[in-house]
Amino acid sequence: MKQIILLILALLAASFLYGAVGCDLNDPAKDIKRFFPDHTGYKTYYRSIQRDGGKALLTKVETRLGDKFTGLFETIDVPYTIYEVFKGDKLIGYVHGVNQKGRYGGIQVFLVLSERGIITQLYFQRLSSRNGNLFKARTFTSQFAGLSVKDFDTFDIVNMKGTGKVTTIKNPAPDNDPDFAAIMRGIKKNLVLMEHFGRWGSL
Amino acid sequence: MRYERDYHGSIPAKSLFLLLMIVFFHSVPLPAGTNLLNLEIQAVGKYDLSNSEFQPYSHHKHDAMQKPSIGFDYIHRLRGKSRDWGYVSIQSRLAYDELRENKIEAQLYNAFLNWKAPWLDLWIGHNKPALGLSSYLDNHAQLLIDNTMTALNFDRDWGVGANYETETIDLKLSLTTGSGMPLYLDETYLVSGRLGVGDLAKGNSTVGVSFAAGEVLHSMGYNVMHGEKAHQTMVGGVDGSMRYLDWETAADLILGSYDEYYAYTGLLRLNHYLFPEDRASIMTQAQFTRLKNVTDQNYAVAMQYKISPALTLRAMYNYRHLTENHTVSAQLFYYRGFIF
């Protein structure tokens with residue numbers, strides 16, 4: 001009984017520490033083969049903001065994102081899984097996912113990126129939404145191909161306003177579904193994080 | 001051959017604890033990590049309303065889950081020059097067990113090597129057998145009981161397995177010792193397989209059919225029942241899970257023969273998620289079992305709330321028909337990841 005009480009006290013004290021679950025591919029071999037048909041292999045790495053630069057890095061990320069990290073999915077120590085994809089010894093791209101708060105639970109927003117961080121594909125591993133089919137449709141996701149973090153630098157994901165190519169992407173859902181704004185925020189967050197995690201990294 | 005009979009099949013507690021400390025503290029500050037270590041601590045107990053008794057576990061004194069414990073969940077990626085070729089997964093706990101002299105039970109859950117072969121994944125070690133809902137749904141932290149807590153399935157078993165996936169199907173096969181958590185290499189075995197269609201995460205639904213046959217032990221945690229007698233079993237199963245917006249349901253039915261007696265275990269679970277980010281949920285579950293002409297039912301209502309990203313509170317009311325027991329369980333579960 002004493003041991004259980006001690007455990008409870010330890011847990012309550014520990015609860016002020018961070019901790020969040022990351023976002024990785026459920027079937028990386030199958031998914032990466034679909035994203036990069038010519039690849040010969042991939043490597044998996046785990047990174048976190050806390051480990052890579054702590055609060056100073058978090059501030060840089062939030063500034064570039066244009067919003068604060070909040071909620072269960074956006075703690076400073078969440079482990080991010082980065083897949084580096086190779087053809088022979090040559091790095092040909094990345095796959096990276098983030099958890100983003102959606103209307104019904106979390107949305108897992110994966111970006112398939114070139115070796116310089118340009119989006120080649122947008123992939124939702126998890127999306128529970130009335131308009132899920134509209135968001136997953138190629139007519140919507142293909143609009144993001146060719147975009148980079150620079151395109152999102154001129155887009156305010158809080159007020160959903162800005163300039164440039166990103167503003168041409170419209171909500172495909174008929175009822176002004178808030179998951180559209182969540183998806184845009186998830187994509188920008190993903191790109192900003194990869195500006196640090198990617199080998200070309202400028203953040 | 002039986003492994004470590006003195007510990008009823010469990011690994012020595014001190015050795016496991018030492019391994020835990022070495023793994024946890026031996027971190028090299030590299031800019032990119034190939035290791036992910038999750039620390040887990042849980043405080044759990046149950047109050048039996050029928051006899052006004054508190055018990056330091058959530059289900060049964062011999063069951064491995066859930067008991068007050070500290071543990072870890074470790075993944076190490078194995079790689080060559082330009083590709084990952086596999087990973088090692090180790091998941092273990094030091095649990096409080098009032099039945100043991102030193103009050104500690106060392107528990108091993110995952111302990112396997114996964115090799116990414118050209119067309120499929122192969123594993124060897126201690127892993128989930130390819131049978132039913134539990135082959136892909138993680139019940140590791142949950143209070144709700146599942147079909148691995150009956151004699152017809154195992155939460156983990158020792159052996160080898162193969163996973164083959166395409167865009168539409170998911171095929172799992174395994175050949176294991178049929179002993180569960182303890183490692184027994186005498187006469188017992190379990191061959192099992194599951195063919196699934198769909199993916200709960202990607203498509204919000206999955207269904208599968210399973211089969212299993214073998215001569216298995218009836219083990220609860222590291223305790224082997226019935227004088228270590230092997231039981232002939234041959235079962236088939238069907239399982240499914242689906243999520244729609246804030247609702248999720250899961251069903252798992254395994255039925256067939258157990259020592260030539262008709263046997264089954266089936267459950268139906270319904271979750272309703274509350275608040276953004278699925279911060280809380282309410283669950284109801286009914287489970288029906290039959291083993292050697294003894295039938296039983298468990299009816300449960302449970303809740304879960306994430307106090308913080310690392311800390312979850314769970315509570316459950318369960319009614320067991322066979323013993324007419326009403327119990328209330330509560331759990332605080334801490335889970336946090338470290339990269340190195």
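Checked against the criterion of being at the interface with chain A (Cβ under 8 Å from one of its Cβ atoms) and surrounded by fewer than 18 Cβ atoms within 10 Å (Cβ to Cβ), the candidates B:K103, B:K61 yield just one match: B:K103. Would you point out the residue of segment A:89-108, among those that are farther than 22 Å from B:S308 by Cα and in contact with a Ser or Thr (Cβ under 6 Å, 6 or more places away or on another chain), that is farthest from the other protein chains (Cβ to nearest Cβ)? Out of the qualifying residues, it is A:G93. Of all the residues in segment B:277-307, those that are in a strand (DSSP E or B) and within 14 Å of another protein chain (Cβ to nearest Cβ) number 5. Is it the case that B:F333 is within 14 Å of another protein chain (Cβ to nearest Cβ), on the phi < 0 side of the Ramachandran plot, surrounded by 21 or more Cβ atoms within 10 Å (Cβ to Cβ) and of a type in the set (F, W, Y)? When the stated conditions are applied, B:F333 passes them. Residues considered: B:S92, B:S82, B:S52. Of these, the only one that is more than 12 Å from chain A (Cβ to nearest Cβ) and out of contact with any helix residue (DSSP H, G or I) (no Cβ under 7 Å at 6 or more places or on another chain) is B:S52. Only strands (runs of 3 or more DSSP E) whose full extent lies in segment A:1-118 are considered here, and the ones with at least 1 residues that are closer than 21 Å to A:D179 by Cα, touching a helix residue (DSSP H, G or I) at 6+ places or on another chain (Cβ under 9 Å) and at pLDDT 95 or above are A:90-101, A:106-113.
Candidates in segment B:308-327 are the residues that are assigned to a strand (DSSP E or B) and either more than 20 Å from B:L267 (Cβ to Cβ) or modelled with pLDDT under 95 (or both); of these, the one that is nearest to the other protein chains (Cβ to nearest Cβ) is B:L311. Among the residues of segment B:52-72, those that are touching a residue at least 60 places away in the same chain (Cβ under 8 Å) and in contact with a strand residue (DSSP E or B) (Cβ under 8 Å, 6 or more places away or on another chain) comprise B:S58, B:H59, B:H60, B:H62, B:D63, B:A64, B:Q66.
Surrounded by fewer than 19 Cβ atoms within 10 Å (Cβ to Cβ), within 14 Å of chain A (Cβ to nearest Cβ), on the phi < 0 side of the Ramachandran plot and out of contact with any Cys (no Cβ under 6 Å at 6 or more places or on another chain), is that true of B:A213? In short, no. Cβ-Cβ distances below 7 Å connect the following pairs, each with a first residue in segment B:184-210 that is within 14 Å of another protein chain (Cβ to nearest Cβ) and touching a residue at least 24 places away in the same chain (Cβ under 8 Å), a second residue that is in a helix (DSSP H, G or I) and crowded, with 17+ Cβ neighbours inside 10 Å, and a separation of six or more residues or different chains: B:T206/B:L200.
Kindly evaluate B:G203 against the criterion of being over 19 Å from the mean Cα position of the chain (by Cα), of a type in the set (G, A, S), surrounded by fewer than 22 Cβ atoms within 10 Å (Cβ to Cβ) and more than 24 Å from B:R290 (Cβ to Cβ). Considered against the rule, which asks whether it is over 19 Å from the mean Cα position of the chain (by Cα), of a type in the set (G, A, S), surrounded by fewer than 22 Cβ atoms within 10 Å (Cβ to Cβ) and more than 24 Å from B:R290 (Cβ to Cβ), B:G203 comes out as yes. Tally up the residues in segment B:248-262 that are closer than 30 Å to B:A280 by Cα and either in contact (Cβ under 8 Å) with a residue 60 or more places away in the chain or not charged (D, E, K, R) (or both), please. So the count comes out to 6.
Okay, residues lined up against (1) more than 10 Å from chain B (Cβ to nearest Cβ); (2) free of Cβ contacts under 8 Å to residues at least 40 places away in the same chain; (3) in contact with a Phe, Trp or Tyr (Cβ under 7 Å, 6 or more places away or on another chain):
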{"residue": "A:K30", "(1), (2), (3)": "no, yes, no"}
{"residue": "A:R34", "(1), (2), (3)": "no, yes, no"}
{"residue": "A:R47", "(1), (2), (3)": "no, no, yes"}
{"residue": "A:L58", "(1), (2), (3)": "yes, yes, yes"}
{"residue": "A:T63", "(1), (2), (3)": "yes, yes, no"}
{"residue": "A:T75", "(1), (2), (3)": "no, no, yes"}
{"residue": "A:P79", "(1), (2), (3)": "no, no, yes"}
{"residue": "A:I82", "(1), (2), (3)": "no, no, yes"}
{"residue": "A:K87", "(1), (2), (3)": "no, no, no"}
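Just wondering, is there one or more residues in segment B:283-299 that are touching a helix residue (DSSP H, G or I) at 6+ places or on another chain (Cβ under 9 Å), farther than 22 Å from B:Y47 by Cα and surrounded by 20 or more Cβ atoms within 10 Å (Cβ to Cβ)? Within segment B:283-299, one or more residues are touching a helix residue (DSSP H, G or I) at 6+ places or on another chain (Cβ under 9 Å), farther than 22 Å from B:Y47 by Cα and surrounded by 20 or more Cβ atoms within 10 Å (Cβ to Cβ). Of all residues in segment A:168-203, exactly one satisfies the criterion of being under 20 Å from A:V95 (Cβ atoms), surrounded by fewer than 18 Cβ atoms within 10 Å (Cβ to Cβ) and either modelled with pLDDT of 95 or more or of a type in the set (D, E, K, R) (or both), namely A:R199.
The values are calculated or read from the model by the stated rules, or taken from the named source; none is laboratory data. Given the structure is predicted, the values throughout are model-derived calculations rather than measurements. Using ideal geometry, Cβ is built from the backbone for each residue, glycine included, and neighbour counts are taken over all protein chains shown.
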